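Only one structure is covered here, and it is reproduced in the block below.
The values are calculated or read from the model by the stated rules, or taken from the named source; none is laboratory data. Given the structure is predicted, the values throughout are model-derived calculations rather than measurements. Please note: Cβ atoms are built from the backbone with ideal geometry, for glycine as well, and neighbour counts cover all protein chains shown.
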Amino acid sequence: MYNFNFYNPTRIFFGKNQLENIDKQVPTDAKVLITFGGGSAKKSGLIDKVKTILGNRKVFEFGGIEPNPRYETLVKAVEVVRNENIDFIIAVGGGSVIDGTKFITLASNYKGDARDLLKYGFMPIPLNVVNKVVPFGTVLTLPATGSEMNSGAVISYEHGKFAVMCELSFPKFSILDPTITFTLPKIQVANGIVDAFIHTTEQYLTYPVDAKIQDRIAEGILLTLIEIGETTISEPENYDARANLVWSATMALNGVIGTGVPQDWTTHMIGHELTALFGIDHGQTLAIVLPALLDVRRDKKHAKLLQYAERVWNIKNGTDDEKIDLAIQKTKDFFESLGVKTKLSQYGVTADKISVIVDQLKAHGLTALSETRDLSLEISKQILEKAF
Ligand code: NZQ
Ligand code: ZN
């Protein structure tokens, strides 16, 4: 196991009837901004409930944060924060609203052009660039990204999606009430399952470093998602199934399983280009890329793919290659069983666009990806061809 430095200060309130905790977490004299998306949280009455809990505090609202939140939208919220001297933000939504809010809190305290904050990628923004943020909490409405318990955000600008990380941008608290997610359309639940699954594989399907705890927690998350996936889609109000999805998604990307192990975020990097170019949902892009990537990188990932085949899919017979083939096929079948298609061509993308995607990867400097930093543009092209 590699050395690591683990920090996660987010308080989690999990379960039914947890919203009331907001009252204790937000200073009584705070001027609060509630951020939200396209309207689902308004329609369900959730925003009104949060406002009632905030009582006499002065409350402002900023709605309209779109899926794959855009820089141009978020800077408008920065103006509200500055003009109204907001001192606490509550993000009510899925990954897009929470990510957008992280950017708003960072940009509000940055003196220069906020686009500078998009340039750091996976490198955390140094504390001498932004040294304080407006504190914020979240009310999670969509289990998928883990954004409710991590310090990362993904912001869209022009034709790209940019990672933004900063130690200051962990939520102070997150309310994880599975019943709040009952209103989700089936496709968003399916996307969320795939996203959580692939966050886990990105930190697990690399090469062994004898990190037994991380491996077994990762396998536990994958097995849980496989066990409850179809149920939580077909029975949206089955509390236990949904509760297990919510906590799986949070655990998949709150830093725990990524401690002390190699990571391979290639599926996400290629997936982000598919969203930026063709507007394909985040979870769907991952379902397209992962099976092809595992196939193309089967030699690099040989030992962990066998472990995955045996421990997650209970594949015990056959040659190594047969076991790996079957594990990849079962992974695909799982995504398909949730209603998520796994081929690029099924999303209306034509073969001539593969070179456009590769050009985008090049333009964004994504030319040496993976846990071993040797996944070149040529290999990305092979993956995309296999995924077509
Ligand atoms: O905007 P509203 O009207 O709220 O509708 C949303 C949106 O259309 C809807 N929705 C959310 N909760 C609902 C609901 N509809 C009914 N009932 C509810 N309870 O769902 C739609 C999608 O929401 P979005 O927030 O975009 O989805 P998700 O949570 O999947 O977030 C995706 C974003 O997160 C980024 C992605 O790149 C993408 O931009 N990611 C963030 C990560 C992180 N911060 O760590 C990691 C991830 O890998 C990911 O890249
Ligand atoms: Zn993701």
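Pairs are defined by a Cβ separation below 9 Å, a sequence spacing of at least 6 or placement on different chains, a first member in region 124-152 that is touching a residue at least 60 places away in the same chain (Cβ under 8 Å) and assigned to a loop (DSSP other than H, G, I, E, B), and a second member that is more than 16 Å from ligand 2 (Cβ to nearest atom) and among the basic types (Lys, Arg); the pairs so defined are PRO143/ARG242.
Can GLU84 be described as more than 16 Å from ligand 1 (Cβ to nearest atom), at pLDDT 95 or above and either in the same structural domain as GLN203 (by TED's automatic domain parsing) or among the acidic types (Asp, Glu) (or both)?
Details: more than 16 Å from ligand 1 (Cβ to nearest atom): yes; at pLDDT 95 or above: yes; either in the same structural domain as GLN203 (by TED's automatic domain parsing) or among the acidic types (Asp, Glu) (or both): yes.
Criteria met by GLU84.
Cβ-Cβ contacts under 7 Å between residues 6 or more apart (or on different chains), taken from a first residue in region 245-260 that is under 10 Å from ASN150 (Cβ atoms) and not assigned by TED's automatic domain parsing to the domain that holds MET149 to a second residue that is at pLDDT 95 or above and surrounded by fewer than 21 Cβ atoms within 10 Å (Cβ to Cβ), are listed as ASN254/ASN8; GLY255/PHE6; GLY255/ASN8.
None of THR331, THR285 is in contact with a helix residue (DSSP H, G or I) (Cβ under 8 Å, 6 or more places away or on another chain) and under 28 Å from GLU158 (Cβ atoms) except THR285. Evaluating ASP116 against the criteria (1) more than 16 Å from ligand 1 (Cβ to nearest atom); (2) more than 25 Å from HIS282 (Cβ to Cβ) leaves one unmet condition, (2). Against the list (1) of a type in the set (Ser, Thr, Tyr); (2) touching a helix residue (DSSP H, G or I) at 6+ places or on another chain (Cβ under 9 Å); (3) within 17 Å of GLY137 (Cα to Cα), the condition SER40 fails is (3). Of all the numbered requirements in (1) touching a residue at least 60 places away in the same chain (Cβ under 8 Å); (2) within 28 Å of PHE278 (Cα to Cα), LEU106 misses one, and that requirement is (2).
Which is out of contact with any Pro (no Cβ under 6 Å at 6 or more places or on another chain), within 16 Å of ligand 2 (Cβ to nearest atom), in a helix (DSSP H, G or I) and among the hydroxyl-bearing types (Ser, Thr, Tyr), of THR231, THR250? Spell out how you get there, then give the answer.
Details: THR231 fails: within 16 Å of ligand 2 (Cβ to nearest atom).
None of the other options fit; the residue is THR250.
Taken together, ALA309, ALA287 contain a single residue that is buried (at least 22 other Cβ atoms within 10 Å of the Cβ), part of a helix (DSSP H, G or I) and free of Cβ contacts under 8 Å to residues at least 24 places away in the same chain, which is ALA309.
The sole residue among ALA144, ALA190 that is closer than 22 Å to ARG70 by Cβ and either in the same structural domain as ILE233 (by TED's automatic domain parsing) or not β-branched (Val, Ile, Thr) (or both) is ALA144.
Give region 253-284 a look and list any residue that's in a loop (DSSP other than H, G, I, E, B) and either farther than 16 Å from THR200 by Cα or within 12 Å of ligand 1 (Cβ to nearest atom) (or both), or say none.
LEU253, ASN254, GLY255, GLY258, TRP265, GLY279, ILE280, ASP281
Residues in region 148-187 that are basic (Lys, Arg) and farther than 20 Å from ASN109 by Cα: LYS161, LYS186. Taken over region 174-202, residues that are more than 8 Å from ligand 1 (Cβ to nearest atom), within 13 Å of the chain's Cα centre (by Cα) and not β-branched (Val, Ile, Thr) amount to 3.
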